1. How high is the FRET efficiency between T135 and A218 when r is their beta carbon distance and R₀ equals 30 Å, given to the nearest 0.05?
2. K59 to D142: FRET efficiency via 1/(1 + (r/R0)^6), r the Cβ-Cβ distance, R0 30 Å, to the nearest 0.05?
3. Here are some pairs, K194/K228; K223/K249; K64/K223; K64/K241; which of them have Cα atoms lying more than 18 Å apart in this structure?
4. Mind checking the log10 I(q)/I(0) for the stretch 220-281 at q = 0.16, 0.18, 0.25 Å⁻¹? Debye, one equal scatterer per Cα, no solvent, two decimals.
5. On the protein heavy atoms, probe 1.4 angstrom, tell me the percent of accessible surface of the stretch 216-273 carried by carbon and sulfur.
6. Using Cα-Cα distances under 8 Å and only pairs 6 or more residues apart, what relative contact order does the stretch 201-283 have, in percent?
7. Just flag the trypsin sites (Lys or Arg not before Pro) in the stretch 200-246 sitting in loop per DSSP whose Cβ has no more than 13 other Cβ atoms within 10 Å.
8. Please arrange T128, T205 by accessible surface area, largest first, computed with a 1.4 Å probe and ligands excluded.
Amino acid sequence: MRIRATVAAVTGALALSAFVAPAAQAADAPSARSEFSATSADASAGAAATLNVTFSNMKVNKGKAVVVGTSAVVAVPVTYSVTHEASLDTSAANFASGPLIYKGTSVTSPSNMIISDDPGTCTAASTTVLNCTATIHVRPADGDLANADAGAWTAGGLAITKGGDTKTQGGLGGLKVQRASKLTVNAAPEPVKKGKTLTVTGRLTRANWDTNKYSGYATQPVKLQFRKKGSSTYTTLKTVKTDSYGNLKTTTTATVDGYYRYSFAGTATTPSVNATADYVDVQ
């Protein structure tokens with residue numbers, strides 16, 4: 001489920017994902033949770049209370065930034081633990097938990113929130129601890145993200161019982177959600193005479209989540225690098241800034257055969273990227 005709303009909506013979303021579809025396989029493996037066999041109506045019945053459970057050890061995307069483009073769905077793996085009272089029925093027929101990520105200072109009033117599509121799978125490590133895995137799917141083509149969402153996010157967790165008791169917990173670690181970047185390079189003329197001037201052009205773009213297209217990343221420092229033929233090491237020749245459209249253009253003197261590329265170090269909202277190198281034959 002993808003949510004731009006309150007925690008109340010989030011717990012309702014988990015109830016829908018967890019309680020609607022049948023799960024015959026759950027009877028064979030009570031320690032593993034996939035989907036509930038009850039209905040969402042059952043989940044909302046009765047007086048809801050706060051569950052006495054605690055989330056911990058949450059790791060989102062193996063600690064790496066979540067990089068999102070303009071159309072492809074990004075599957076974000078999550079692992080976490082849930083500590084609960086020994087008396088709590090955590091079977092698939094009664095209990096579900098899942099991870100979430102949110103933008104903002106509080107899990108109760110986020111500017112954006114994305115939760116896992118399913119209740120995940122948990123294994124009982126003891127009578128009071130579950131070790132769980134789940135996946136959060138980020139769908140940029142469905143409007144999950146706006147450009148303003150790029151940068152720092154926070155992980156959290158939520159749990160719900162068949163009776164509608166819930167627990168939402170935030171502050172479970174920080175992560176970055178970044179706009180995917182692309183970088184090109186072209187060195188000309190090819191081939192070139194030794195000692196003559198090469199003109200190196202390129203463009204730095206990044207995902208625009210407001211338009212679902214890639215757009216130029218303006219006024220960013222990008223390194224022009226060179227690797228001599230037969231070498232594995234790039235040397236930085238100079239640093240060039242992109243123009244208002246993300247374009248790059250500079251010149252350098254051709255000396256020996258080798259590869260030219262542009263290299264962008266990245267920012268808090270955009271990951272680093274290297275252009276595919278352009279080989280130049282110097283005659």
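1. Values: r = 35 Å, r/R0 = 1.15.
Approximately 0.30, to the nearest 0.05.
2. Once the sixth-power term is evaluated, E becomes 0.75.
3. K64/K223; K64/K241
4. Debye curve over Cα of the stretch 220-281, log10 I(q)/I(0) at q = 0.16, 0.18, 0.25 Å⁻¹: -0.53, -0.66, -1.11.
5. Working: 1460 of 3000 Å².
So the carbon and sulfur contribution to the accessible surface is 49 percent.
6. Numbers: 165 pairs, mean separation 23.2, N = 83.
Reported relative contact order: 28 percent.
7. Answer by residue number: K229.
8. Output order, biggest surface exposure first: T128, T205.
The values are calculated or read from the model by the stated rules, or taken from the named source; none is laboratory data. A quick note: this is a predicted structure, and the numbers were derived from the prediction, not measured. Cβ: placed from backbone, ideal geometry, glycine included. Neighbour counts: every protein chain shown. We work out accessible area using only protein heavy atoms, side chains counted, and drop any ligands, DNA or RNA first. Shrake-Rupley method; radii C 1.70, N 1.55, O 1.52, S 1.80 Å.
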